[in-house]
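Heads up, the thing below is written out as structure tokens.
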Amino acid sequence: MMSIRNTIDEKIMPVIDKFTNWRYMKVLMNSFMGVSALSIGASLFTLIRSLPFGDGYIEFLKNTGLYDILSIPVLITSELIALYLVIALGYFMAKSYNKNPLSGAMISLGAMLVVTPFETMFTFTDEAGEEISTLVTDVIPKGAFGATGMFLAMIVGILACRIYIWCLDKNIKIKMPASVPENVANMFETMIPAGLVFLVFTVLRVALGHTGFGTAQELIYSILQEPLTHVGGGLGGAFIYVVLPCILWGLGIHGAMVVYVAMSPIVRPIWAENMMAFANGEAAPYPAWNYMPYTKIVMIALVLLMVFAAKSKHFKVLGKLSLGPILFNISEPIVYGTPMVMNVVLIIPYVLTTAVNFLLAHLLTTIGLVAPPTGATMNSMYPLGMYGALNNASWTGAALQIALVALNLVIWYPFFKRADAMNVKAELETDDVQTV
């Protein structure tokens, strides 16, 4: 065991730390976390639209016009998510180099707008029944700033800001005397780098206009985002996303953070597309990525066993302390308090229950016993039952969560008894030593 632990500490952990602390990964993570705040804000309106009151409730919202009103915050989040992301990327990239973050954000946003042609083909049917296509200008192409533009936002946000930073590092700027106020000096310093950035991306836009892709959005989506989403966006990718963190926790690695950072370029566009579909009243294109309400509850069974069946003092106290947080899907107290690190006895059921819950949720959803997820972005800290019901706007989501907790109790029990017995033995030995 010590040999395995030493190998992890000496060989694996330095690689993981280097990856998670890599400047660009940290910028991506901070940017996505910043954008997530908007999604959480929109989820308040999503909550009202997702209440599990049946079709009559939805009809009431539509007939009163509330459905469209509640969709506005969701739409401005999902349809413009790439713009928010490119601003966040420019901000955090500049900040990581100790440059003015607001200038970095504005330059990245400008670069994104430069490569976006504000025109689109519009097709309509005339009175004779013939389809006529015409180029409409001064409009935003559908999806340009939505989920399909997120990969481009990542590239443009980082690249534009790096050009800005490079210019400042090379003193390609207008230098102002020290007596000039900082905000005025920053304005002049930014002029030349911003002009160079806009020149580069204008040339890129014009060049792409003479290719079969036409736009930067179409280029990146076709050669990068669509293939990656196709490979990692299905059931297998979602399964890896929920199960791998459990395995990494057992190795002493913050699994959720590492997996989120590594897969965020795929995950965020998928969630954005699901959210966009929900806002437009359509089925989620990637439902498997919204099964999290059924996998985040696996620790509830372990805590219940600690509260009602533990014989060791350690588990009894830990269970009582963790019961409140775990009902709202806050698992850190139980993960760190058990602890899960290098705890083979409890990591096995942790991984197993997560996998079983995910696969059962998929099976029951596929055969129609459980309503499919709406695709809406949900705050994971809703309590048991409510979280499931809001996820698919149906009582079946709550019922499935409760049924899975019961099943998880069965899976956890033999492993829990073994771990509890080990704790009792250790506590008795400690008491004997203290008595002597």
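The values are calculated or read from the model by the stated rules, or taken from the named source; none is laboratory data. As the structure is a prediction and not an experimental result, all values here were calculated from the model. Cβ placement follows ideal geometry from the backbone for every residue including glycine, while neighbour counts extend to all protein chains displayed.
Would you call residue 405 more than 25 Å from the chain's Cα centre (by Cα) and farther than 27 Å from residue 71 by Cα? The answer is no for residue 405.
When the stretch 40-57 is limited to residues that are free of Cβ contacts under 8 Å to residues at least 40 places away in the same chain and at negative phi, the one that is surrounded by the most Cβ atoms within 10 Å (Cβ to Cβ) turns out to be 45. Taking the listed residues 372, 383, the one that is within 22 Å of the chain's Cα centre (by Cα), in a loop (DSSP other than H, G, I, E, B) and loosely packed, with under 15 Cβ neighbours inside 10 Å is 383, with no other qualifying.
When residues of the stretch 215-239 are filtered for being free of Cβ contacts under 8 Å to residues at least 24 places away in the same chain and either surrounded by fewer than 17 Cβ atoms within 10 Å (Cβ to Cβ) or polar (S, T, N, Q) (or both), how many remain? Qualifying residue count for the region: 7.
Rundown of residues vs (1) crowded, with 17+ Cβ neighbours inside 10 Å; (2) at pLDDT 90 or above; (3) in a helix (DSSP H, G or I), yes/no style:
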| position | (1), (2), (3) |
| --- | --- |
| 320 | no, yes, yes |
| 334 | yes, no, yes |
| 354 | yes, yes, yes |
| 360 | yes, yes, yes |
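Residues in the stretch 291-316 that are closer than 24 Å to residue 241 by Cβ, assigned to a helix (DSSP H, G or I) and of a type outside the set (Ser, Thr, Tyr): 292, 293, 298, 299, 300, 301, 302, 303. Applying the criterion of being in contact with a Gly (Cβ under 9 Å, 6 or more places away or on another chain) and surrounded by fewer than 24 Cβ atoms within 10 Å (Cβ to Cβ) to the residues of the stretch 147-190, the residue that is farthest from residue 78 (Cα to Cα) is 165.
The single residue among 284, 277, 262, 288 that is crowded, with 21+ Cβ neighbours inside 10 Å, assigned to a helix (DSSP H, G or I) and not polar (S, T, N, Q) turns out to be 288.
Scanning the stretch 191-204 for residues that are surrounded by fewer than 16 Cβ atoms within 10 Å (Cβ to Cβ) and of a type outside the set (A, V, I, L, M, F, W, C) yields 195, 202.
Taken as a whole, the condition of being closer than 30 Å to residue 157 by Cβ and modelled with pLDDT of 80 or more applies to residue 81. Checking each residue of the stretch 214-224 against the condition of being more than 28 Å from residue 103 (Cβ to Cβ), among the polar types (S, T, N, Q) and outside any helix (DSSP H, G or I) gives no match. Of the residues screened, residue 67 is not one that is more than 30 Å from residue 400 (Cβ to Cβ), surrounded by fewer than 22 Cβ atoms within 10 Å (Cβ to Cβ) and at pLDDT 80 or above. When 376, 419, 426, 398 are screened for being at pLDDT 90 or above and in contact with a Ser or Thr (Cβ under 9 Å, 6 or more places away or on another chain), only 419 passes. Which one is nearest to residue 115 (Cα to Cα), of the residues in the stretch 205-232 that are small (Gly, Ala, Ser) and in contact with a Leu (Cβ under 9 Å, 6 or more places away or on another chain)? The residue in question is 216. Determine whether residue 341 is in contact (Cβ under 8 Å) with a residue 12 or more places away in the chain, assigned by TED's automatic domain parsing to the domain that holds residue 308, not polar (S, T, N, Q) and not in a loop (DSSP other than H, G, I, E, B). Judged against the criteria, residue 341 is not a match.
For residue 31, the requirement of being assigned to a helix (DSSP H, G or I), polar (S, T, N, Q) and at pLDDT below 80 is not met.
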